[in-house]
Amino acid sequence: MVLYRLILVTAVVWCVASGAEALSAAELPGLVREKPASGRFVETDRGYMVPYTVTIPGSDVTFEMLPIPGGTFVLGSPDSDPHGQPSERPPVRVTVEPFWMAKTEVTWAEYKQYMALYQVFKKFVSTQVRLVTEENRLDAITAPTELYEPSFTFEYGDNPRQAAVTMTQLAAKHYSQWLSAVTGQQFRLPCEAEWEYACRAGSQTAYCFGDDPTRLGEYAWYRDNCGEGGQRPVGLKKPNAWELHDMHGNVAEWVLDEYSDEGYARLAGREPLTALETILWPDELWPRMVKGGSWESDAAGCRSAAKFGSNDPEWKSNDPNLPKSPWWFTDDPARGVGFRLIRPLRELPLDEMRKFWAIDCEEMQSDVDYRLQEGRGVLGIVDRDLPQAIQTLKATE
């Protein structure tokens, strides 16, 4: 039996430049003043969005962010799609603002940087460094504890280039919160509309490349070409028109939304809509939405509009913890669920951003509070100074 114990991130420092110290728009990562002579770019009223590489502070781990243009598209499946589901209808017209999106799903190389914080925070506590007090508690997080028996999660490998899997939506949200704090960039999960818009990359067909499922193997790892082999290293298949890899298949990806079989009926008569106006914000532990299909999915399950909902009782049935872990799943299809990040061009104030990272239901909050009271987690301060503090700690060991 697999045993997982994790505690949730409760809050995080967000460092925002202000006044005379604020960077101009054209000095922000991925934004330049002059029109690039070559390569992909997106023109905006703030400058030209270009691809850029993020190095996770304190490591040599990198990932690429790609510019996604703003625009209007139709979210969901038309009645003519024979594989369309009630959850994908009725289709609605949505306007999306520009953002950057990770070229691939978050890999184990990236996610393990976050997982490593548990031991770091324990050492900070034992050495009386960067202590959490009542005054700074809102600026602290609890990092995920180590896997006691990783055979389930890592059965298909933990290659640094494989997509990280089996984390809950909450874990994915708080990964983005941690990364935002240490980089100073505003990362988060996409909402469903943003994810589907990026997946389609200007198309309105079943897949980013058209309607013919026999071509799916060129773009995706899925049931017909993957069998029972698990996820593959990211980026091996063809990208879509916006150079995003593995939007179809490999692992399905968390978005911010609650899943509902009723689809977009609640949005009827509200068009035109922005992407954020379409979000069905969760207020229960499950079901939460994943998009894009996985290595276990058939071709229909990898369509741009396809989605399914999480099921905590089934996905955590082998978790012996009481209450169940708020951070990890212990049962399939969780090994086919990961995530990727976006960074909107228009940043939000911290008080608005917290909604994209926060605990959003009472049951989840109770589970987290119980674990903290039991002493099965450790709090630590996360900010732009954390990487240097970690290096200082290592130098004294």
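The values are calculated or read from the model by the stated rules, or taken from the named source; none is laboratory data. Just so it is clear, the model here is predicted, and its values are computed rather than measured. A quick note on method: Cβ atoms are made from the backbone with ideal geometry, for glycine too, and the neighbour counts reach across all protein chains shown. Just so you know, the surface numbers come from the protein's heavy atoms only, side chains and all, with ligands and any DNA or RNA stripped out. Shrake-Rupley method; radii C 1.70, N 1.55, O 1.52, S 1.80 Å.
Stretched out fully, how many nm does the piece from GLU43 to GLU362 gain, at 0.36 nm a residue minus the Cα gap?
Extra length available between GLU43 and GLU362 comes to 110.6 nm.
Would you mind checking segment 107-147 for residues with the amide N under 11 Å from a putative spin-label position 7 Å along Cα→C-beta of ARG384?
Answer for this model: none.
Choose one of SER317, PRO333, PRO344: the residue whose Cα lies farthest towards the positive end of the charge dipole of segment 288-351 (beta-carbon charges +1 Lys, Arg; -1 Asp, Glu; about the Cα centre).
Final value for the positive-end residue is PRO344.
Between the DSSP loop rule and a limit of at most 14 other Cβ atoms within 10 Å, which trypsin sites (Lys or Arg not before Pro) in segment 287-349 are left?
Here the sparse-neighbourhood loop sites are ARG346.
Tell me which GluC sites (Glu not before Pro) from segment 134-240 have a DSSP coil assignment and no more than 13 other beta carbons within 10 Å of their own.
Hits after loop and neighbour filter: GLU134, GLU135, GLU146, GLU155, GLU228.
Distance between the C-alpha centers of segment 249-289 and segment 298-346? Whole Å please.
Centre-to-centre (Cα) distance: 15 Å.
Measure off, as a whole percent, the carbon and sulfur share of the 1.4 Å-probe accessible area of segment 238-325, all protein chains present.
Carbon and sulfur together cover 52 percent of it.
As an exercise, use a Förster radius of 30 Å and the Cβ-Cβ distance of ARG270 and ARG354 to find the FRET efficiency, rounded to the nearest 0.05.
Between ARG270 and ARG354 the formula returns 0.75.
Any idea of the accessible area per residue across segment 180-328, 1.4 Å probe, to the nearest Å²?
35 Å²
What number do you get for the chain when its Cα radius of gyration is normalised by 2.2 N^0.38 Å, N = residues?
It is 0.96.
Go ahead and run the numbers for FRET between LYS122 and THR55, Cβ-Cβ distance against an R0 of 25 Å, rounding to 0.05.
So, using R0 = 25 Å, E works out to roughly 0.45.
Checking the cross-link filter: which lysines have an alpha carbon closer than 17 Å to that of LYS173, excluding same-chain neighbours under 8 positions apart?
LYS112, LYS291, LYS355
Count charges around ILE279 for me, please; just the other residues with Cβ under 14 Å from its Cβ, Lys/Arg as +1, Asp/Glu as -1.
Here the count lands on -2.
What's the local net charge at VAL255, with K and R +1, D and E -1, over the other residues with C-beta under 12 Å away? Please report the intermediate quantities before stating the final value.
Numbers: positive: LYS173, ARG188, ARG288, LYS291, LYS307, ARG340; negative: GLU192, GLU194, GLU196, GLU253, ASP257, GLU258.
In short, 0.
So which trypsin sites (Lys or Arg not before Pro) in segment 143-201 end up in coil per DSSP with only 16 or fewer other C-beta atoms within 10 Å?
Details: sites: ARG161, LYS173, ARG188, ARG200; in loops: ARG161.
Passing both the DSSP loop test and the Cβ count: ARG161.
What distance in nm separates the simple spin-label points at VAL129 and ASN318, each placed 7 Å from Cα in the Cβ direction?
Once both label points are built, they end up 3.8 nm from each other.
Stretched out fully, how many nm does the piece from GLU97 to SER151 gain, at 0.36 nm a residue minus the Cα gap?
Gain on stretching GLU97 to SER151: 15.3 nm.
For VAL74 and LEU236, what is the calculated FRET efficiency with R₀ set at 35 Å and r taken between the beta-carbons, to the nearest 0.05? Don't jump to the answer; show the numbers that get you there.
Details: r = 30 Å, r/R0 = 0.86.
Efficiency at R0 = 35 Å is approximately 0.70.
Under the Karplus relation 6.51 cos²θ - 1.76 cosθ + 1.60, θ = phi - 60°, what is the ordered set of whole-Hz ³J(HN,Hα) values for segment 374-385, x standing for Gly and Pro?
Going residue by residue, I get 6, x, 9, x, 9, 8, x, 7, 10, 7, 5, 8 Hz, with x marking Gly and Pro.
What ³J(HN,Hα) values, in whole Hz, does the Karplus curve 6.51 cos²θ - 1.76 cosθ + 1.60 give for segment 53-66 when θ = phi - 60°, with x put for Gly and Pro?
With coefficients 6.51, -1.76 and 1.60, one gets 10, 9, 9, 5, x, x, 9, 9, 7, 10, 8, 9, 10, 10 Hz.
In deg cm²/dmol and to the nearest 500, what is the mean residue ellipticity at 222 nm of the chain if only DSSP H runs of at least 4 residues count, each as -39500 (n - 2.57), divided by the residue total? Can you show the working numbers first?
Values: 9 runs with 81 residues, N = 397.
Dividing the helical sum by the residues of the chain leaves -6000 deg cm²/dmol.
Measuring from a point 7 Å past the Cα of SER260 along Cα-to-C-beta, which residues in segment 193-220 have an amide N at less than 17 Å?
193-194
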